[in-house]
Amino acid sequence: MRHKTIGIRELKEQLSGHIREVRNGATLVITDRGEPVARLTPVSSGPEDKFQQLIESGLVSWNGERLPTEVQRVPVRGKKTVAEILLEDRE
């Protein structure tokens, strides 16, 4: 993902061009007198895009392995279900 820093004045003067850049995947950091005040990023189209943004921002890391599609089931010990035990505990 490309990052670019621009001032508010430049953003106002060339808004259409900058929107085109964002649509093509760029991220713009908007500054006011050299101080970052906003970030303009493409709208994510799904959870994969959001996850990719988190990886690129350094908030999460991923080793590349896919999660198993099958959910592991834990066998229940005893005669009561977890829901029944929880309801009893609430009383």
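The values are calculated or read from the model by the stated rules, or taken from the named source; none is laboratory data. All of these numbers come straight from a predicted model, not from anything done at the bench. Every residue, glycine as well, gets a Cβ built from its backbone with ideal geometry; the counts of neighbours run over all protein chains shown.
Some points to look at:
- For the range 52-91, a tally of residues being of a type in the set (D, E, K, R), over 30 Å from Arg2 (Cα atoms) and under 31 Å from the mean Cα position of the chain (by Cα) returns 2.
- Residue match in the range 16-26 (condition: touching a Leu at 6+ places or on another chain (Cβ under 7 Å), hydrophobic (A, V, I, L, M, F, W, C) and assigned to a helix (DSSP H, G or I)): yes
- Qualifying residue in the range 44-57 (condition: without any contact (Cβ under 8 Å) to a residue 12 or more places away in the chain, acidic (Asp, Glu), over 25 Å from Glu10 (Cα atoms) and assigned to a helix (DSSP H, G or I)): yes
- Qualifying residues in the range 37-69 (those that are farther than 30 Å from Ile19 by Cβ and at pLDDT 85 or above) - the one surrounded by the fewest Cβ atoms within 10 Å (Cβ to Cβ): Asn63
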